[in-house]
Amino acid sequence: MSSFPLHSKIRRVFQKIFNRFISLFYKSKFQNTKIDKNEIHSILIIRINYRIGNTLFITPLVSALQKEMPDAKIDILVGASFTKVLFDGFINVKSVYDFPRKLLKNPFFLIKYIKQLRSKRYDLVIAPNSGSSSDKLATLLAKGTYKLGVCKYDTWSPINRCTPDTTLFRHEALKPLALMDIFQTNTKYEEILTISLQENEKKHAKDILINLLSEHGFHSNSMAVALFRGARFEKKIDSRWWLDFVKNMRSINNNLVFIDILSPDIKEPLSPDIITFNEKNLRKLGAFLSTLNAFICGDTGPMHLASASKVCTIALFKHTSPDMYGTLGKCDKSYNITQLSIKELAKNINGHIINQAKMM
């Protein structure tokens, strides 16, 4: 039985009805004719989503566009304003706009927002997600010579150029890379998430970690491992499980220093004898995570943030597929916690952390 809330189910039903209705009046006219990349000087990427992970899933595409068209200026339209900082490290990204949910409740501001969206013309508008009604509408309203997306013949689409195949990539974050085929290049793109942290950001975060460890009586060279217990719906792992897991990890390796990452959803510490850390700014949090030896969490947005920050990320799954939603970093590791005992899991994870520390 699905544990998705009622408003999510209602929204999905509404989207289906809306798509069928607009399909009666709007006929899709797109082709897979190649685009000359030398024509592209301005790009708008549209991904109106309010989850950290889904927003980070467009970073491989942003990196690919930067590599292929280093002189092109990129704007991005996202959902939540707090995710805008994730793109601060990309040289080509000039502006990141958010689409607040409250706009739908205020027609005056919505009209003003639409005018702003249509005030600039782009050489290329990209809609990586073919299933989002909000992305489709924004793509329809945006001004662009080329509008690029995935070929979908069973529903309406505002794009005029498309790539027919995203099955080359199983992972959801890599599927947008299939769109690069429209430029007919043979370039090999990095298949990782990234927030392009700068050295000064990592240095400042390292100072924060050293001070945090010092405050709790630990040496600056301690092996620091962070935990994050938050997740949505059936992906969440019970705090009692986490306590048992930490106990087993400590019994194997008493040199580990655990840091419990708190958030608006996880306000209470896991245990009084575990250090806590809280940072609302996603970019600053990512920089902090990059200084750690490892980050352990369930299937959640901070999992992807950690991987994009290049910390060794240990992802614990019990419901979704790691092949489609797991981490992509070279030292990352995914485990299905329903297939291993906590003792076995602790042993495997500790061994992985030790091995990665030796390679650094």
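The values are calculated or read from the model by the stated rules, or taken from the named source; none is laboratory data. Please read these numbers as outputs of a predicted model, since none were measured by experiment. All Cβ positions, glycine included, derive from the backbone under ideal geometry; neighbour counts span all protein chains shown.
Would a scan of segment 250-264 turn up a residue that is charged (D, E, K, R), at pLDDT below 95 and under 24 Å from the mean Cα position of the chain (by Cα)? Full working, then the answer.
At the first step, the residues of segment 250-264 found to be charged (D, E, K, R) are 250, 260.
Restricting the remaining residues to those that are at pLDDT below 95 gives none.
Within segment 250-264 (the criterion being charged (D, E, K, R), at pLDDT below 95 and under 24 Å from the mean Cα position of the chain (by Cα)), the answer is no, since none of the residues qualifies.
Residues of segment 327-360 being in a loop (DSSP other than H, G, I, E, B) and modelled with pLDDT of 90 or more, which ones? Break it down into steps so the answer makes sense when it comes.
Going residue by residue through segment 327-360, those that are in a loop (DSSP other than H, G, I, E, B) are 327-332, 337-341, 360.
Correct list: T327, L328, G329, K330, C331, D332, I337, T338, Q339, L340, S341.
So is N248 of a type outside the set (A, V, I, L, M, F, W, C) and in contact (Cβ under 8 Å) with a residue 40 or more places away in the chain or not? Walk me through how you get there before you give the answer.
Details: of a type outside the set (A, V, I, L, M, F, W, C): yes; in contact (Cβ under 8 Å) with a residue 40 or more places away in the chain: yes.
In short, yes.
Determine, yes or no, whether S63 is among the hydroxyl-bearing types (S, T, Y), modelled with pLDDT of 95 or more, closer than 20 Å to S307 by Cβ and surrounded by fewer than 23 Cβ atoms within 10 Å (Cβ to Cβ). Even if it seems obvious, please write down each step before you answer.
Details: among the hydroxyl-bearing types (S, T, Y): yes; modelled with pLDDT of 95 or more: yes; closer than 20 Å to S307 by Cβ: yes; surrounded by fewer than 23 Cβ atoms within 10 Å (Cβ to Cβ): yes.
Criteria met by S63.
Run M324 past the list (1) part of a loop (DSSP other than H, G, I, E, B); (2) surrounded by fewer than 21 Cβ atoms within 10 Å (Cβ to Cβ) and report the number of the one that doesn't hold.
(1)
Based on what the data block shows, is A205 in the same structural domain as T291 (by TED's automatic domain parsing), within 24 Å of L305 (Cα to Cα), in a strand (DSSP E or B) and in contact (Cβ under 8 Å) with a residue 60 or more places away in the chain? Give the steps one after another, and end with the answer.
Values: in the same structural domain as T291 (by TED's automatic domain parsing): yes; within 24 Å of L305 (Cα to Cα): yes; in a strand (DSSP E or B): no; in contact (Cβ under 8 Å) with a residue 60 or more places away in the chain: yes.
When the stated conditions are applied, A205 does not pass them.
Pairs under 6 Å by beta carbon, first residue assigned by TED's automatic domain parsing to the domain that holds L177 in segment 115-130, partner among the small types (G, A, S) and not in a helix (DSSP H, G or I), six or more apart or different chains?
Going by the 6 Å Cβ cut-off, the qualifying pairs are L117/A142; Y122/S42; Y122/G144; D123/S42; V125/A142; V125/G144; A127/G149; S130/G149.
Output the residues belonging to segment 158-185 that are over 17 Å from S132 (Cα atoms) and among the acidic types (D, E).
Selection gives D165, D181.
Can you name the number of the only condition in (1) exposed (fewer than 12 other Cβ atoms within 10 Å of the Cβ); (2) free of Cβ contacts under 8 Å to residues at least 60 places away in the same chain that S239 fails?
(1)
State all residues of segment 242-285 that are surrounded by 13 or more Cβ atoms within 10 Å (Cβ to Cβ) and of a type in the set (S, T, N, Q); if no residue qualifies, say none.
Within segment 242-285, N248, N253, S263, S271, T276 qualify.
Would you check which residues across segment 139-171 are within 20 Å of L65 (Cα to Cα), surrounded by 15 or more Cβ atoms within 10 Å (Cβ to Cβ) and modelled with pLDDT under 80 and list them?
T166
Can you list the strands (runs of 3 or more DSSP E) found entirely within segment 26-106 that contain at least 2 residues being more than 20 Å from N281 (Cβ to Cβ) and β-branched (V, I, T)?
42-46
What's the number of the only condition in (1) more than 24 Å from T300 (Cα to Cα); (2) surrounded by 12 or more Cβ atoms within 10 Å (Cβ to Cβ); (3) at pLDDT below 95 that F4 fails to meet?
(1)
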